[in-house]
Amino acid sequence: MSVYLKDIPLPEAKTRLEIAIKSSGKWGILGEEVIALDEKACGRVLSEPVWAKISSPHYHSSAMDGFAIRTMDTLHAMQNSPVLLTIQSAAGEERTEYVDTGDPLPEWADAVIPIEFTEPVDDQGQIASNPRCPFAIRIRAAVSPWSNVRVMGEDIVATQLVLPKGHILRPVDLGAIAASGNDTVKVAKQPKVAVLPTGSELVPVGQPVSAGEIIEFNSLVLAAQVNDWGGKASRFSITTDDFETIRKRVAQAALEHDLILLNAGSSAGSEDFSARVVESLGSVLVHGIAVRPGHPVILGMLRMKAVYDCLNVEYHTELPDIPIIGVPGFPVSATLTGEIFVEPLMALWLGRKDFSPIEVSARITRKITSPPGDDDYLRVVVGRVRDQLLAAPLSRGSGVITSLVQADGIVILPRGIQGLPAGSEIRVRLYKSQSEIDRTIFAIGSHDMILDILGQSLVQHNRRLSSANVGSQAGLVALSRGEAHLSGSHLLDPETGEYNIKYIYQYLPGVPIKVVDFAVRQQGFLVLPDNPKSIHSLEDLSRPDVRYINRQRGAGTRVLLDYHLARSGIEPAQIQGYNQEEFTHLAVAAAVSSGRADCGLGIPAAAGALKLDFVPLYSEKYQLVIPEEFYGAEILQPLLKLLTDRAFQGAVGKLPGYDVSSMGKIAAELSGVGEV
């Protein structure tokens, strides 16, 4: 098969791989091994059932500290007419015997009466000094057979099934296996997976990086996935972009592994070594899958004769082909490739079921578009507002690894669907538990770095803050649609100089609202260290040598800029870069730091984060807009208490450019109609 990029549907790609693996004789568990029953067995997959060798308990045992008795001897015991049972009868026949919890029950006994329900007496009929060694006991109530006795086989009966084949061993399972008389288990052999990162631009974790270099962490993620799914991963060192070197590393890995993950650029470009290497050592089954993100995935099989020839090793035995997956270099694509292809292979080779995430129905919070010919994997955060489960889309870039960190789940839009309008019902495969989702506070609106501090603090109060940075206006719109508990906003009214009130009436008519002060913060220009272009005022933005990076339409920072531009008589068309937009203060700082722009309007904390200089210009109110129904709801109480907590205020106050003196105070209570 020639090496070229051609997308095919995901089901067809899976079918091709399945046919090839079946042909190699590897469609099933790869082998079995007997291992000792110890803590290391946890997480392994049983390759055969576990049957009980003995019963548990394997004898009748006392479930209480007390006296073993024959229940027939207690039949006539009454409160005012007790029965006296001696330790030994006149004929030498035992009528009762003291037993501790877990002691074997005497053969003649069929019940235990707890010590606290007896009256131990001495041979004079007085209360015995040692209640565990009396002459006799008085009983004032009849006892039913087998009371307070753990009968033989109560937990496990010899020969019964303890655990089925394909079960993943948990800590409690080890105890049940031991109790059933087993000291070893037979488990599936762990698949050995080689993870090979390639690329001349890559540097190992922990080493300093320069422009053009990339920290290599895909192999770390892929290997951790393999281990988490029950396999045994081996991470190889970085291989530079050289065809023969990569080819030999792949061949060496094939000698001792069941699967190769070759992580490299696998596009149709000139440095696409992955497909060429696979074709030189075997066959390329698939090069390109109609899935986003993750298009240029390679699926192939390595022929072991070609592997031996590459290494100049004599080939004697007919060995099965080895599957190889060319994993895309972008982090999100690489991670999702693992979920789509590697996890099912681990399940197959271990003899367990595929991991099936919990699926829930939710409503998408904004319009989304999707390529018509691809299965689109959309990362979302999920929260519950009122009784509705909501899913807010995250950044869709293939290189945005934080979108997977932040994601609560994945939405799969099948091929042929070109998008969905806001409010559409979707199915979400959850990464998080339902309980974690239910304690999530949904904040949609303006970005501020102190939201991160708030989110961290809320973790200690059994809450999780999920914030989507869409701008102040979009946040108010989200509140109007019932898609958030609160919104951060700093919208300036050019006519009155007030913040937020006018816009709340505009976007939330008829909705009772509480406006809570969060912080007064500085806004100014983020510039390179020492301000090399001497940017100090709005007028400087109209200079031809100054490139500006703007915030998106509807952002409070954008409104603030436009207000002062209008007052200064500066037209947006005079500003180079006015239409270049970012969604957060940190993104603006990154644009300046990387040289994409000479300055942008933002907050000093963002400047400090990327070691930029800050030129102060304005002060503004950043407030939390909270519908009254949520202000009094239990979900928000930890957040509201934090706003008045001195320790939290102190942590925020240490950041440059923030005044928290009014934090937590209600700035306005709006009925939804009329004046404040």
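Of all the residues that make up region 365-422, how many are of a type in the set (S, T, N, Q) and in contact with a helix residue (DSSP H, G or I) (Cβ under 9 Å, 6 or more places away or on another chain)?
Let us first name the residues in region 365-422 that are of a type in the set (S, T, N, Q), namely 365, 369-370, 388, 395, 398, 402-403, 406, 418.
Then drop every residue that is not in contact with a helix residue (DSSP H, G or I) (Cβ under 9 Å, 6 or more places away or on another chain), which leaves 365, 395, 398, 403.
Counting residues in region 365-422 that are of a type in the set (S, T, N, Q) and in contact with a helix residue (DSSP H, G or I) (Cβ under 9 Å, 6 or more places away or on another chain) gives 4.
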### Query
For Asp321, are the conditions met, namely being within 30 Å of Ser23 (Cβ to Cβ), modelled with pLDDT of 90 or more and over 20 Å from the mean Cα position of the chain (by Cα)?
yes
### Query
Can we say Thr71 is assigned by TED's automatic domain parsing to the domain that holds Met346 and either among the hydroxyl-bearing types (Ser, Thr, Tyr) or touching a residue at least 24 places away in the same chain (Cβ under 8 Å) (or both)?
no
## Note on the structure
Residue pairs qualifying under the 6 Å Cβ cut-off, at least six apart or on distinct chains, with the first in region 513-533 being assigned to a strand (DSSP E or B) and the second being aromatic (Phe, Trp, Tyr) and surrounded by fewer than 19 Cβ atoms within 10 Å (Cβ to Cβ), are Gln523/Tyr618
### Message
Of all residues being crowded, with 16+ Cβ neighbours inside 10 Å and touching a residue at least 24 places away in the same chain (Cβ under 8 Å) in region 212-224, which is farthest from the chain's Cα centre (by Cα)? Just the residue, please.
### Response
Ser219
### Task
Give me the pairs, please: first residue somewhere in region 643-658 and more than 17 Å from Leu465 (Cα to Cα), second residue anywhere and in a loop (DSSP other than H, G, I, E, B), beta-carbon distance under 6 Å, and either six or more positions apart or on two chains.
Thr644/Gly664; Gln649/Val660; Gln649/Met663; Gly653/Val660; Gly657/Ile603
### Task
Please specify each residue of region 257-274 satisfying the condition of being more than 32 Å from the chain's Cα centre (by Cα) and either modelled with pLDDT of 95 or more or assigned to a helix (DSSP H, G or I) (or both).
Phe273
### Query
Of the residues Val185, Val203, Val209, which is without any contact (Cβ under 8 Å) to a residue 24 or more places away in the chain, aliphatic (A, V, I, L, M) and either in the same structural domain as Ser234 (by TED's automatic domain parsing) or surrounded by 21 or more Cβ atoms within 10 Å (Cβ to Cβ) (or both)?
Val209
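Being in a loop (DSSP other than H, G, I, E, B) and polar (S, T, N, Q) is the filter; apply it to region 534-548 and report the residue that is farthest from Ala591 (Cα to Cα). Explain how you work it out, then say what you get.
Within region 534-548, the first condition is being in a loop (DSSP other than H, G, I, E, B), and the residues that meet it are 534-537, 543-547.
Narrowing the set further to residues that are polar (S, T, N, Q) leaves 534, 537.
Numbers: Ser534: 18, Ser537: 19 Å.
Per the stated criteria, the residue is Ser537.
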### Task
Check whether at least one residue in region 225-246 is exposed (fewer than 15 other Cβ atoms within 10 Å of the Cβ), in contact (Cβ under 8 Å) with a residue 60 or more places away in the chain, assigned to a loop (DSSP other than H, G, I, E, B) and over 32 Å from the mean Cα position of the chain (by Cα), and report yes or no.
no
### Query
Right, Val112: buried (at least 16 other Cβ atoms within 10 Å of the Cβ) and more than 30 Å from Asp354 (Cα to Cα) or not?
yes
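Here is a yes/no grid of residues against (1) among the hydrophobic types (A, V, I, L, M, F, W, C); (2) outside any strand (DSSP E or B); (3) closer than 19 Å to His490 by Cα:
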residue: Leu601; (1), (2), (3): yes, no, yes
residue: Gly608; (1), (2), (3): no, yes, no
residue: Pro616; (1), (2), (3): no, no, yes
residue: Ser619; (1), (2), (3): no, no, yes
residue: Leu624; (1), (2), (3): yes, no, yes
residue: Gln637; (1), (2), (3): no, yes, no
### Task
Residue by residue through region 301-343, note down the ones that are assigned to a loop (DSSP other than H, G, I, E, B) and over 15 Å from Asn218 (Cβ atoms).
Arg303, Leu311, Asn312, Val313, Glu314, Tyr315, His316, Thr317, Glu318, Leu319, Pro320, Asp321
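May I ask you to verify whether Leu560 is farther than 27 Å from Gln506 by Cα, in a helix (DSSP H, G or I) and at pLDDT below 95? Let's see the steps before the verdict.
Details: farther than 27 Å from Gln506 by Cα: no; in a helix (DSSP H, G or I): yes; at pLDDT below 95: yes.
Spelling it out, it is not the case that Leu560 is farther than 27 Å from Gln506 by Cα, in a helix (DSSP H, G or I) and at pLDDT below 95.
The values are calculated or read from the model by the stated rules, or taken from the named source; none is laboratory data. Every value quoted in this text rests on a predicted model; they were computed, and no experiment measured them. Neighbour counts are summed over all protein chains in view; Cβ atoms, including those assigned to glycine, are modelled from backbone coordinates with ideal geometry.
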